[in-house]
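Colleague: I have a structure here, written as structure tokens, and I will follow up with some questions on it.
Nothing in this text is a laboratory measurement; each read-out follows from the coordinates by a stated rule. None of these values were measured; they are calculated from a predicted model. Cβ: placed from backbone, ideal geometry, glycine included. Neighbour counts: every protein chain shown.
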Amino acid sequence: MLTGNREYNEIYEKYKNLVLKIAYTYSGNNYDAAEDIAQDTFLKLYIGFDELKNGNIYAWLYTTTRNAAFNHYKKYRREIPSEDEVLEREIRIQESVEEEYAEKSLEVKRFELHERIFRGLMEKNPRWHEAIVLTYYMNIPQAKVAEMMGIRVEVLHSMLHRARKWIAKTYGAEYEEMKQPD
């Protein structure tokens, strides 16, 4: 949420996740309601910001969000959701679980590929490995890396270029395959 009021924007960025979490908790773990409650809370804050900005914003946000969420929960807890709502909620949960699993699986595959690349790079040329680690993993400036390795910067550039070229040739297809959607 961006407004012309920088101070309000900073407060929004700082507390948006907290307000959503409070709303979610007190609304009976209803994410849709929590989003609405959080939006209403920040709208109220925006409208009354001039009067509230010198007070305890955190306490005001917490209390306002909690009360709105609790009122929502009391109002709707006796409502029996329709079959469509239950099915939609189950589908949303299933999709989020599947997405999370796919994301974790891809993360593991990337980690394993990086491990293979670094092992292969070490076997191929330990100096390339050292140059890559110092330059890209440790983010040491190239002039300092060259000095540490006892070589000129131009030689380091050539070494890094050759190492990247070898990595692309050896592992490029595997990397591209990993980027393809299932």
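Colleague: Divide by every residue of the chain the summed helix terms, -39500 (n - 2.57) for each DSSP H run of at least 4, and state the resulting mean residue ellipticity at 222 nm, rounded to the nearest 500 deg cm²/dmol.
Modeller: Result for the chain: -27000 deg cm²/dmol, rounded to the nearest 500.
Colleague: If the reach is capped at under 25 angstrom between alpha carbons, list the lysines near Lys144, excluding any in the same chain fewer than eight residues apart.
Modeller: In chain and number order, the partners are Lys124, Lys165.
Colleague: To continue, here is another question. Would you mind classifying the range 6-76 by shape? Square roots of the alpha carbon gyration tensor eigenvalues, ordered a ≥ b ≥ c; an a/c under 1.5 is rounded, otherwise it is prolate if a/b is larger than b/c and oblate if not.
Modeller: Numbers: a/c = 2.29, a/b = 1.87, b/c = 1.22.
Prolate.
Colleague: Let me ask something else. Along the Cα→Cβ direction, 7 angstrom out, place labels at Glu100 and Phe49. What is the inter-label distance in nm?
Modeller: 3.4
Colleague: What is the extension gain from Ala59 to Asn71, computed as 0.36 nm multiplied by their sequence separation minus the C-alpha to C-alpha distance, in nm to one decimal?
Modeller: Extending this stretch completely gives an extra 2.5 nm.
Colleague: Mean Kyte-Doolittle of at least -0.5 plus a Cα span of 18 Å or more along the axis: flag which DSSP H helices in the chain meet both, please.
Modeller: Span-like helices here: 31-47.
Colleague: Also: Please compute the modelled spin-label separation between Thr170 and Thr25, points set 7 Å along Cα→Cβ, answer in nm with one decimal.
Modeller: 5.0
Colleague: Taking the number of other C-beta atoms within 10 Å as the exposure measure, put Leu113, Leu61, Leu156 in order starting with the fewest.
Modeller: Details: Leu113 15, Leu61 24, Leu156 21.
The order, fewest Cβ neighbours first, is Leu113, Leu156, Leu61.
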